[in-house]
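Here is the structure we will look at.
The values are calculated or read from the model by the stated rules, or taken from the named source; none is laboratory data. Worth saying up front: this structure is predicted, and the values here are computed from it rather than measured. So basically every Cβ, Gly included, is an ideal-geometry build from the backbone, and we count neighbours across all protein chains shown. For the accessible areas, the whole protein counts, side chains as well, though only heavy atoms, and no ligand, DNA or RNA atoms are used. Shrake-Rupley method; radii C 1.70, N 1.55, O 1.52, S 1.80 Å.
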Amino acid sequence: MPASTTAVLAVAGVVLLIAAGIVAVFTLGGSGARPPGHSAAAATEAVSSGAPSAAAAAATATASSPVARPAASHHDPFGSAAASYVSSRNGVVLAAVYDLRTGQTWQFGRGQPQDEASVVKLDVLETLLAERGRSGTGLSASDRTLAEEMIEDSDNDAATSLWDAVGGASGIRSFNTAAGLADTVPSSCVNCPGFPWPGWGLSTTVPADQLTLLRALVEPNSLLSNTERSYALSLMENVTPDQRWGVTGGVPDQATVALKNGWLPLDSANNDWQINSVGWISGSGRDYLIAVLTTGNPTEQYGIDSIDQLAAMVWNEMA
């Protein structure tokens, strides 16, 4: 065999070996490989004491493997029945759903951003976790106590303390910018003239931005670690029983629900209520995020009933 031919074959062999190595590397690093720092053991050990296993398992599973979207799409869960029901109600209803299985998002209703009420406490919690994570200090014992009171009991004093701790409106705004929220505006006052409730409740938002905040808890991202996401979900899964309304409408007890609700009278006569509910619902073949904002409700219970019914329709349609 001529020397030139031998040289060509030798080079070709080297190229094939290199190519095989590259294929092997990509195969090993593809679907199923756990990203650094997101092993199941590490996630379980890092969750704060008392966190339910559902939150730890969900955050671990989400963070441990690439997000795979099935080719099939889902139909719009806000069908004609939802439109008919909402049209019969007083006030304005805005809602959005994100399907974690398909990556689809649906929005319902038209209107201006609405007051957040206590739903803003989720934003405060995520900002706190991100700030403490960047500093490397983690949550102090006081932070944890206040976070638990703020989310599980919706305690206003705890929320005000943490609002101040993260730098108030400027701290919230900075986190929201990094998170990609487009239409959320933190309130410029906590003690607002003529308003008897904490002013942070007058921060305004839209359902799409609330889905963005929720996705930061259930999908891997650069703002919150696996540990921080598991911790936040554990608090949202343990809200006090009398606050487990809204997006839980129609959802069976065996499903996992992590939520935060908000309710706020916007006038002294108590006949104009802001009622909101946001959360993650997973179970019975469903896995989705939902945010519902309602304003102009004549009573608190009226707004709660509106969200309960709409959420039940969404649950049925997401099967």
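Here are a few things to note about the model shown:
- Put simply, of THR205, THR295 the only residue that is under 13 Å from VAL119 (Cβ atoms) and open to solvent by less than 20 Å² (accessible area, probe 1.4 Å) is THR205.
- Qualifying positions in region 87-134 - open to solvent by less than 10 Å² (accessible area, probe 1.4 Å), of a type in the set (Asp, Glu) and assigned to a helix (DSSP H, G or I): ASP123, GLU126
- All positions within region 118-160 that are in contact (Cβ under 8 Å) with a residue 60 or more places away in the chain and basic (Lys, Arg): LYS121, ARG144
- Per-region count, region 146-157, residues in a helix (DSSP H, G or I) and surrounded by 13 or more Cβ atoms within 10 Å (Cβ to Cβ): 8
- If you go through region 274-296 and pick out every residue that is over 21 Å from LEU122 (Cβ atoms) and either of a type in the set (S, T, N, Q) or not in a strand (DSSP E or B) (or both), you end up with 2.
- Taking the listed residues THR160, THR137, THR177, the one that is loosely packed, with under 15 Cβ neighbours inside 10 Å, more than 16 Å from the chain's Cα centre (by Cα) and either among the aromatic types (Phe, Trp, Tyr) or farther than 24 Å from ILE304 by Cα (or both) is THR137, with no other qualifying.
- Look at region 253-270: where a residue is free of Cβ contacts under 8 Å to residues at least 40 places away in the same chain and a partner is surrounded by fewer than 16 Cβ atoms within 10 Å (Cβ to Cβ), sitting 6+ places away or on another chain with Cβ atoms under 7 Å, you get GLN254/GLY283; ALA255/GLY283; ALA255/SER284.
- Search result, residues across region 221-235 that are small (Gly, Ala, Ser), in contact (Cβ under 8 Å) with a residue 40 or more places away in the chain and not in a helix (DSSP H, G or I): SER225
- Any hit, region 236-251, residues being part of a loop (DSSP other than H, G, I, E, B), without any contact (Cβ under 8 Å) to a residue 40 or more places away in the chain and either β-branched (Val, Ile, Thr) or surrounded by fewer than 21 Cβ atoms within 10 Å (Cβ to Cβ) (or both): yes
- Subset of region 219-234 that is open to solvent by less than 10 Å² (accessible area, probe 1.4 Å) and touching an Asp or Glu at 6+ places or on another chain (Cβ under 9 Å) - its residue that is nearest to THR294 (Cα to Cα): ALA232
- For region 254-269, the count of residues that are out of contact with any helix residue (DSSP H, G or I) (no Cβ under 8 Å at 6 or more places or on another chain), hydroxyl-bearing (Ser, Thr, Tyr) and part of a strand (DSSP E or B) is zero.
- Close pairs (6 angstrom Cβ cut-off, 6 or more residues apart or separate chains): in contact (Cβ under 8 Å) with a residue 24 or more places away in the chain in region 197-210, assigned to a helix (DSSP H, G or I) and of a type in the set (S, T, N, Q) anywhere: PRO198/ASN156; PRO198/THR160
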